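The structure appears right after this line, and notes come after that.
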Amino acid sequence: MKKLIAAAVASSMTAFAMADIAITGNAKYEYDHTDNAGTTTNTANTEVNLFVKGKSGDTSVVANLELNTHGGADEAGRLDIEDLYMTTKVGDVSVKAGNYASGTSAHLGEIDNGSRGNDKVTLTYSMGDIDVYAGSNGVAAAEENSTVSENMFYGAVIKNVMGNTINVKHHSETQDSFGIKGSMAGVNYRYEATDKDGSGDAYYGELTTKVGELTLGYATLDADVASLLAEDDSTTFALSTGDFSTATGQDQVMLSTAVDGTTFTVKMGTMDKGISSSIDKDYSQVKASRKLASGATAVITFTDEDVSGGSKENMEIELNVAF
């Protein structure tokens with residue numbers, strides 16, 4: 001009997017190893033104290049992200065899960081399947097199919113909010129330094145099947161153009177965009193612009209460089225109308241423009257340096273029409289981040305922003321870890 005049990009365990013472990021499954025993730029705990037023009041609130045949040053990837057040859061399956069359960073009755077609010085897709089090869093064409101979104105580091109990431117397409121498919125063909133792609137988004141449905149949109153997107157990523165990477169994309173019948181990023185004389189730059197029929201134009205620009213131990217940066221956003229700036233989870237700006245319904249852009253300066261193992265980052269800027277359609281919003285933010293001996297990272301962030309009738313001050317204390 002012991003031999004049978006040992007054989008069964010060994011067999012199951014071998015099957016698991018052959019499946020080539022990897023699980024990684026991260027987690028964080030956040031505490032926020034906010035004084036909004038004299039009204040104070042204290043909140044906390046716990047979030048765990050699990051990234052599961054199974055691989056067989058040139059085919060991979062990815063499931064990215066976000067858990068932030070607080071014992072509520074709404075199951076959908078406690079578990080979010082953020083990405084669920086497959087990648088494979090059909091001849092020389094790379095195929096990505098499922099539910100996924102672009103992040104803020106991707107083309108137009110600081111302009112669009114990177115909302116996920118349902119049952120989306122992207123086909124990519126590479127020719128040296130040129131990647132051409134085309135695809136279609138599924139239209140969300142209440143049941144398990146999505147309606148496939150006939151309005152396809154397509155574009156190209158062209159690398160090593162005098163040291164630059166160029167993006168061109170046709171998003172839909174009403175929207176096109178262009179982007180370029182690169183480095184010159186120690187200055188990194190990124191510029192992206194989009195045009196949407198019936199709404200107007202929007203652009204994003206960023207410059208960063210190092211001067212000794214200091215990293216300096218400038219970032220700008222501008223749009224004809226607020227609806228073009230939908231990004232609500234910015235990695236560049238202290239405040240996401242998409243969180244403010246009337247905002248049509250912003251300008252921000254940044255400096256960052258490390259002192260005895262702690263990284264300090266300061267951001268200061270102005271958001272056009274950030275308070276109302278006629279009033280801009282000024283803001284400043286100071287962040288300190290330090291890797292702990294335990295493997296976790298402690299982050300303290302203080303943000304001060306103008307609001308109608310006064311100012312809003314927020315202090316966030318965060319512990320995060322990647323595994």
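What follows draws every value from the coordinates through simple rules; no lab data is involved. All values derive from a computational prediction rather than experimental measurement. Every residue, glycine among them, receives a Cβ derived from its backbone with ideal geometry; neighbour counts consider all protein chains shown.
Tell me the net charge near Val253. Cut-off is 14 Å between Cβ atoms, Val253 excluded, with +1 for each Lys or Arg and -1 for each Asp or Glu.
Once positives and negatives cancel, what remains is -2.
Restricting to DSSP H runs of at least four residues, report the calculated mean residue ellipticity at 222 nm for the chain, -39500 (n - 2.57) per run over all residues, nearest 500 deg cm²/dmol. Don't skip to the answer; put the middle values down first.
On the way: 1 runs with 17 residues, N = 323.
Helix contribution divided over all residues of the chain: -2000 deg cm²/dmol.
Calculate the dipole size of the chain relative to its Cα centre from +1 charges on Lys and Arg beta carbons and -1 charges on Asp and Glu beta carbons; express the result in debye to the nearest 20. Don't skip to the end; give the middle numbers.
On the way: 23 positive and 46 negative charges, 334 e Å.
My answer is approximately 1600 debye.
For the chain, modelled as a Gaussian network with Cα springs under 10 Å, which listed residue fluctuates most, Gly135, Gly54, Gly186?
Highest fluctuation of the listed residues: Gly186.
Please state the shape class of the chain: rounded when a/c is under 1.5, otherwise prolate if a/b exceeds b/c and oblate if not, all from the C-alpha gyration tensor.
Working: a/c = 1.61, a/b = 1.22, b/c = 1.32.
Here the chain falls in the oblate category.
So what's the net charge close to Glu47: Lys and Arg +1, Asp and Glu -1, counting the other residues with Cβ under 9 Å from its Cβ?
With Lys, Arg at +1 and Asp, Glu at -1, the neighbours total -1.
Where nothing but the Cβ of Lys and Arg (+1) and of Asp and Glu (-1) is charged, how large is the charge dipole of region 199-323 around its Cα centre, in debye to the nearest 20?
In debye, rounded to 20, region 199-323 gives about 500.
Can you tell me which of Gln175, Gln285, Gln252 moves the most in a GNM of the chain? Springs connect C-alpha atoms under 10 Å apart.
In this elastic network of the chain, the residue with the biggest mean-square fluctuation among Gln175, Gln285, Gln252 is Gln175.
Which listed residue (Asn99, Met271, Thr34) has the Cα farthest towards the positive end of the charge dipole for the chain, taking +1 on Lys and Arg C-beta and -1 on Asp and Glu C-beta about the Cα centre?
Asn99
May I ask you to derive the relative contact order of region 199-323, considering only C-alpha pairs under 8 Å and at least 6 residues apart, and to give it as an integer percent?
16 percent
All other residues with a Cβ under 14 Å from the Cβ of Gly310 taken together, and with Lys, Arg as +1 and Asp, Glu as -1, what is their net charge?
Spelling it out: positives minus negatives among the neighbours equals -4.
Using a Gaussian network model on the chain with a 10 Å cutoff between Cα atoms, which of Gly200, Gly179, Gly242 fluctuates the most?
Result: Gly200 has the largest fluctuation of those listed.
With contacts defined as alpha carbon pairs under 8 Å and 6 or more residues apart, what's the relative contact order of the chain in percent?
This gives 12 percent for the chain.
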